[in-house]
1. Restricting attention to region 65-88, report how many residues are farther than 17 Å from Phe194 by Cα and among the charged types (D, E, K, R).
2. From Asn164, Asn124, Asn152, Asn114, grab the single residue that is open to solvent by 10 Å² or more (accessible area, probe 1.4 Å), within 30 Å of Leu80 (Cα to Cα) and either touching a strand residue (DSSP E or B) at 6+ places or on another chain (Cβ under 9 Å) or free of Cβ contacts under 8 Å to residues at least 24 places away in the same chain (or both).
3. If we scan region 19-29, do we find a residue that is surrounded by fewer than 20 Cβ atoms within 10 Å (Cβ to Cβ) and either of a type in the set (Lys, Arg) or farther than 20 Å from Glu186 by Cβ (or both)?
4. Hey, could you check region 53-90 for residues that are within 16 Å of Cys40 (Cβ to Cβ) and of a type in the set (D, E, K, R) and say which is least open to solvent (accessible area, probe 1.4 Å)?
5. Of (1) in contact with a strand residue (DSSP E or B) (Cβ under 6 Å, 6 or more places away or on another chain); (2) within 14 Å of Ile128 (Cβ to Cβ), Trp71 satisfies all except one. Which?
6. Say we look at region 170-185 and pick out the residues that are within 17 Å of Thr135 (Cβ to Cβ) and free of Cβ contacts under 8 Å to residues at least 24 places away in the same chain; which of these is farthest from the chain's Cα centre (by Cα)?
7. Is it true that Asp138 is more than 24 Å from Lys17 (Cα to Cα), acidic (Asp, Glu) and open to solvent by less than 60 Å² (accessible area, probe 1.4 Å)?
Amino acid sequence: MQETKIKSTLVFEKNYKNTSPTIVNVGTVRSGKSYAIAQCINLYCVEHCGLRVAIGRKVANTLKTSVLKTWTDATMKMQLFDAENYNKTDKYYEFDFHDGNPTKSFIQFFGLDNSQKVMGSEYNLIWIDEATEFTYDDYSKLQTRLSAEKPNGWKRNQIILSLNPGDARGWIKAKLLPQDDVFLIESSYKDNPF
């Protein structure tokens, strides 16, 4: 397996290897939260052969110009992207460098408006971008999909939410943040030296 070197931020450090069942990233525009989460996911997929990840937005047609673009940019910069491993039609990517291991790490991109893609599968990690677009019921249903068998060394299946500070109210503030097993990471553009 190749060694991957990255330029990271404090936001990356707070997310990487954080084993909380739910991580909430609240950050301003240009805080680097989405990019840092994408970096973490890529490293997890490299380190844990067979990891199953879902990355989503509420509406599928917003993926291309948002979280999918961020993930692709991070993956290319990390020199991990191979166009042959990306299925544009079904919106999934397979990491294919696990020394011949038939169990490849897998990322499914989804919109909840096409929920059968994500609701019919099991995952180790789900990233909900622009989390305030989702409802608490959406979040609860997605949590039930965190039932994939854990790959070797993977500590805990988890869900990561990312959102802007102005959006940190409603169900996330009222129902999620008061829970003991939820880890809050706050950031601003000052946390992103890039």
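1. Residues in region 65-88 being farther than 17 Å from Phe194 by Cα and among the charged types (D, E, K, R): 4 in total.
2. When all the criteria are applied, what remains is Asn164.
3. no
4. In this case the residue turns out to be Asp73.
5. (1)
6. Across region 170-185, the extreme among qualifying residues is Ala174.
7. Criteria met by Asp138.
The values are calculated or read from the model by the stated rules, or taken from the named source; none is laboratory data. This is a predicted model, so every value here is computed, not measured. No Cβ is skipped: glycine too gets one built from the backbone with ideal geometry, and neighbour counts run over all protein chains shown. Surface accessibility is based on the protein's heavy atoms, side chains included, excluding ligands, DNA and RNA. Shrake-Rupley method; radii C 1.70, N 1.55, O 1.52, S 1.80 Å.
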